[in-house]
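Beneath this line is the structure, given in structure tokens, with notes to follow.
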Amino acid sequence: MRTRRKFHKKNRLTALTEINVTPLIDLAFALLIIFMIATPLLEQTIPINLPSEASKPQNEIKDTIQVVSIDSRGALFWGEKQVSEAQMATFLKEASEAEDVPILRIRADKRLAYEHVIALIDLIKRNNLVKISLDTEVR
């Protein structure tokens with residue numbers, strides 16, 4: 001008597017006991033390589049020219065705006081009026097205590113030393129004003 005061989009699986013409904021992790025490892029390595037390449041690109045330092053902007057002016061803002069200017073000699077202006085640093089501090093204190101705190105538009109001459117702009121921003125920060133806009137020339 002001959003026995004027949006059976007080549008089919010005995011029970012097709014049994015649970016799969018192991019998971020193939022090779023595709024997951026491949027995916028993990030691919031993501032690692034992508035992040036290793038992308039991270040240095042995010043930290044580039046590029047020399048820039050801040051006084052110019054090549055875009056259209058933004059739409060009108062409905063908040064109160066106060067213009068603060070510094071000319072090429074370092075003179076401060078509150079709107080159209082030239083003021084001293086002490087007067088500027090007084091105006092900024094009054095603006096910070098107002099019910100409707102204004103947005104300060106800082107306009108500085110591009111030939112002006114950067115330290116003058118930073119000194120003005122520091123004075124603004126000391127008065128707890130945080131809405132600041134730096135104006136640039138639109139080409």
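The values are calculated or read from the model by the stated rules, or taken from the named source; none is laboratory data. Treat the numbers as computed from the prediction; the structure is a model and nothing was measured. So basically every Cβ, Gly included, is an ideal-geometry build from the backbone, and we count neighbours across all protein chains shown.
I'd like the full set of residues that are among the small types (Gly, Ala, Ser) and under 20 Å from the mean Cα position of the chain (by Cα), limited to the stretch 83-139.
Correct list: Ser133 only.
Going through Leu129, Leu104 one at a time, which residue ends up being modelled with pLDDT under 90, in contact with a Pro (Cβ under 9 Å, 6 or more places away or on another chain) and not acidic (Asp, Glu)?
On inspection, the qualifying residue turns out to be Leu129.
Conditions tested, residue by residue: (1) of a type in the set (Ser, Thr, Tyr); (2) at pLDDT below 65; (3) closer than 16 Å to Asp135 by Cα.
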{"site": "Ile48", "(1), (2), (3)": "no, yes, yes"}
{"site": "Gln58", "(1), (2), (3)": "no, yes, yes"}
{"site": "Val68", "(1), (2), (3)": "no, no, yes"}
{"site": "Ser72", "(1), (2), (3)": "yes, no, yes"}
{"site": "Lys81", "(1), (2), (3)": "no, no, no"}
{"site": "Ala89", "(1), (2), (3)": "no, no, no"}
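Would you tally the residues in the stretch 72-117 being in a helix (DSSP H, G or I) and over 19 Å from Glu137 (Cα atoms)?
Total meeting the criteria: 14.
Which of the numbered conditions does Phe77 fail, given that it passes all the others? Conditions: (1) surrounded by 10 or more Cβ atoms within 10 Å (Cβ to Cβ); (2) modelled with pLDDT under 60.
(2)
Where the second residue is surrounded by 13 or more Cβ atoms within 10 Å (Cβ to Cβ) and among the basic types (Lys, Arg) and the first is more than 10 Å from Gly74 (Cβ to Cβ) and lies in the stretch 96-125, which pairs have Cβ atoms under 6 Å and are six or more apart or on separate chains?
Within 6 Å, the pairs are Ile103/Lys131.
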